[in-house]
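What follows is a short report on a single structure.
The values are calculated or read from the model by the stated rules, or taken from the named source; none is laboratory data. Every value quoted in this text rests on a predicted model; they were computed, and no experiment measured them. In this analysis, Cβ positions are derived from the backbone assuming ideal geometry, glycine residues included, and neighbour counts consider all displayed protein chains.
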Amino acid sequence: MKNKLFASVPNILLGLLIAVAPQTFAHACIGHDMPGACHYSQQAATGIGVVILALGVVALFVNHQIRIGLNIAAIANALLLLAVPTFLIGVCKGAMMHCRMVMLPTLIVLGVLTMVFAGIAIWLDSRSTARG
Amino acid sequence: MHSAITLRGLPYENLKRKPLRTAALLTIVTILSLTFFGGTMLTMNLNTGMTSTEQRLGADLMVVPQNTAQQAEALLTNGSPSTFYFTTDIADTIKSADGIEQASEQTYISSLAAACCDEKLQIIGFDPASDFVIEPWIASQFDGTLQDGQMIAGANVDVSVDGTIELYGRDWPVVAQLANTGTSLDNSVFINTATVPQMVAVSSKMTKNSAFAKNADKAVSTVLIKVKQGYDAQTVADNIKHLDSRFPDLGYVYPGGITATTKNSLNALISYLAVFVSVIWAMGVIVLLAVFASSVNERKREFASLRIMGATRGMLNAIIVKESIMIGASGGVVGVGLASLMIFPFSSLIGTQLQLPYLQAGPIAIIGCAVVTLVCSTAIGIAGSMLTMWRLSKPEAYLTLREGD
């Protein structure tokens with residue numbers, strides 16, 4: 001039960017934050033005439049957040065071997081989350097723009113935390129697998 | 001298959017078999033290292049920013065147009081870009097005042113937020129030959145001559161891949177980009193005095209400021225003054241005011257005063273930080289000692305059994321020290337990691353919110369601080385375990401084992 005909660009709850013919470021933060025407090029820059037790179041990064045991050053949240057919910061109902069796979073997927077999604085605002089899509093170039101000052105670091109922190117928690121969950125579940 | 005527990009692996013097994021105690025100790029050490037590393041990094045970054053600001057505010061006095069003193073002060077700290085000016089004839093008269101050792105003119109023009117996602121820049125026109133505030137800093141990073149029409153960009157300025165900046169619908173070549181200073185100069189571009197009329201012309205055309213366009217050849221925003229030895233800035237300001245009946249209305253900014261005010265705010269913040277970190281550490285150490293002390297009774301029989309099995313006192317001490325090193329080092333690593341996640345990515349936001357000069361310290365300082373934090377967190381763990389060792393060293397194993405019979 002402990003491993004199951006560890007494999008699912010962080011992904012649910014972090015996925016929710018990743019989905020909600022870019023649409024609320026860590027939003028993209030506003031007031032552009034045309035949507036800029038930060039707008040597309042914001043939308044992509046929300047989508048990735050929803051996927052991580054879904055992985056967390058599914059992890060509540062499956063065995064430990066499948067949970068390992070789900071957490072590997074969560075790590076892959078977190079890497080994608082880091083790549084989107086940094087080099088796949090990017091954010092505004094001005095150092096003092098809101099997307100660069102708030103959205104980018106928020107997504108980086110949430111991405112790193114998702115990877116760390118998913119890594120620990122994989123370790124815990126793989127120990128259970130090894131014990132049989 | 002059961003793996004045998006060796007004396008070497010015993011500390012790890014001990015920690016694993018008591019997950020709650022281990023988690024409690026780890027949490028405390030993590031909080032201690034997080035506050036220590038976080039607080040120290042913030043203090044270091046604020047001090048680096050202050051030093052950088054002091055180096056950039058090399059003038060004793062700034063004379064600016066009427067009602068623009070506040071804008072000029074904002075420019076020196078972390079304010080928004082602005083445009084203000086008087087004319088060169090006023091500047092020339094100011095320079096003739098008694099008590100001036102060096103004087104140089106600068107022109108400030110605020111750019112428009114031109115293309116999408118660009119922010120406003122402060123354009124600073126300066127005379128490389130006479131400037132004693134910006135030029136020494138620029139010269140430390142750019143050894144060429146700034147030609148007419150060329151620019152030097154601050155650290156935060158977005159220079160396109162072809163080495164230009166688009167301002168007022170025109171691409172300006174950038175010959176150098178300067179290092180971060182943690183001040184508003186990072187969002188500025190620098191041009192020489194001869195380029196100022198071109199910039200004023202295109203700027204006034206875009207902003208439809210006809211008065212500014214008329215004065216394109218003689219617009220000056222400030223006269224920066226270094227006073228002679230034996231004079232103070234206030235006296236020189238008074239001397240300037242006596243030169244012309246219009247001059248008492250001009251704005252007089254004393255960068256030294258701004259530095260002193262900023263320094264006071266910074267010192268107050270650093271003191272609060274130091275008190276906060278000390279209180280957290282005092283509380284943490286008390287809780288840590290309490291946890292270790294409470295675990296002594298619980299572990300007396302465990303260690304007495306080990307003694308009966310042939311373990312020496314030295315071996316027991318080694319087990320306790322290894323346990324505390326494991327907890328101290330892992331808690332330290334987690335704390336430093338968490339603090340890094342909070343401080344480094346949000347560096348710009350912290351600087352903006354504090355409204356104080358904030359400049360990220362160099363990698364050597366960061367690594368040094370992380371190492372000190374790890375050493376301190378491990379040392380605090382060992383210090384806590386000393387109590388256990390001291391308490392265990394007193395009674396004899398047989399008597400301890402008989403306790404509770």
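Only residues that are of a type in the set (S, T, N, Q), surrounded by 15 or more Cβ atoms within 10 Å (Cβ to Cβ) and more than 14 Å from every other protein chain (Cβ to nearest Cβ) were counted in the stretch B:117-151, giving 1. Condition check: farther than 28 Å from B:Thr373 by Cβ and touching a Leu at 6+ places or on another chain (Cβ under 6 Å). Does B:Phe247 satisfy that? So B:Phe247 fails the test. Residues of the stretch B:330-369 that are touching a residue at least 24 places away in the same chain (Cβ under 8 Å) and closer than 23 Å to B:Thr22 by Cβ: B:Ser330, B:Gly331, B:Gly332, B:Val333, B:Val334, B:Gly335, B:Val336, B:Leu338, B:Ala339. The C-beta contact set for the stretch B:300-320 (first residue over 12 Å from B:Leu7 (Cα atoms), second residue of a type in the set (Ser, Thr, Tyr), distance under 6 angstrom, 6+ apart or interchain) comprises B:Lys300/B:Thr400; B:Ala304/B:Thr400. Sub-7 Å Cβ pairs linking a first residue in the stretch B:224-250 that is closer than 19 Å to B:Asp131 by Cα to a second residue that is surrounded by 14 or more Cβ atoms within 10 Å (Cβ to Cβ) and of a type in the set (Asp, Glu), at least 6 apart or interchain, are B:Ile225/B:Asp60; B:Lys226/B:Asp60; B:Val227/B:Asp60; B:Ala233/B:Asp60, ordered by first then second residue. Counting just the residues of the stretch B:152-178 that are over 30 Å from the mean Cα position of the chain (by Cα) and at positive phi, which one comes out surrounded by the fewest Cβ atoms within 10 Å (Cβ to Cβ)? Taking the candidates together, the pick is B:Gly169. In this entry, B:Tyr231 is excluded by the filter for residues that are surrounded by 19 or more Cβ atoms within 10 Å (Cβ to Cβ), under 38 Å from the mean Cα position of the chain (by Cα), at pLDDT 85 or above and not in a helix (DSSP H, G or I). Starting from residues that are closer than 21 Å to B:Val371 by Cβ and of a type in the set (Ser, Thr, Tyr), keep the ones in the stretch B:1-53 and report whichever is surrounded by the most Cβ atoms within 10 Å (Cβ to Cβ). If we take residues in the stretch B:1-53 being closer than 21 Å to B:Val371 by Cβ and of a type in the set (Ser, Thr, Tyr), then B:Ser33 is surrounded by the most Cβ atoms within 10 Å (Cβ to Cβ). Here is the figure for the stretch A:24-71: residues that are part of a helix (DSSP H, G or I), within 14 Å of chain B (Cβ to nearest Cβ) and not hydroxyl-bearing (Ser, Thr, Tyr) total 4.
Scanning the stretch A:83-132 for residues that are among the hydrophobic types (A, V, I, L, M, F, W, C), within 11 Å of chain B (Cβ to nearest Cβ) and either free of Cβ contacts under 8 Å to residues at least 60 places away in the same chain or crowded, with 19+ Cβ neighbours inside 10 Å (or both) yields a count of 16.
Just to check your reading of the model, which residue among A:Ala78, A:Ala21, A:Ala74 is within 14 Å of chain B (Cβ to nearest Cβ), in a helix (DSSP H, G or I) and closer than 19 Å to A:Ser126 by Cβ? Full working, then the answer.
On the way: A:Ala21 fails: closer than 19 Å to A:Ser126 by Cβ; A:Ala74 fails: within 14 Å of chain B (Cβ to nearest Cβ).
None of the other options fit; the residue is A:Ala78.
Counting only residues that are closer than 30 Å to B:Thr51 by Cβ and β-branched (Val, Ile, Thr), the stretch B:355-389 holds 7 of them. Here the condition is being within 14 Å of chain A (Cβ to nearest Cβ) and out of contact with any helix residue (DSSP H, G or I) (no Cβ under 7 Å at 6 or more places or on another chain); of B:Gln360, B:Gln355, it holds for B:Gln355 alone. State the number of residues belonging to the stretch B:179-202 that are touching a strand residue (DSSP E or B) at 6+ places or on another chain (Cβ under 8 Å), within 14 Å of chain A (Cβ to nearest Cβ) and either surrounded by fewer than 21 Cβ atoms within 10 Å (Cβ to Cβ) or at pLDDT 85 or above (or both). Summing the residues that are touching a strand residue (DSSP E or B) at 6+ places or on another chain (Cβ under 8 Å), within 14 Å of chain A (Cβ to nearest Cβ) and either surrounded by fewer than 21 Cβ atoms within 10 Å (Cβ to Cβ) or at pLDDT 85 or above (or both) in the stretch B:179-202 gives 2. The set of residues from the stretch A:58-71 being touching a residue at least 12 places away in the same chain (Cβ under 8 Å), out of contact with any Asp or Glu (no Cβ under 7 Å at 6 or more places or on another chain) and surrounded by 14 or more Cβ atoms within 10 Å (Cβ to Cβ) comprises A:Val58, A:Ala59, A:Leu60, A:Leu70, A:Asn71.
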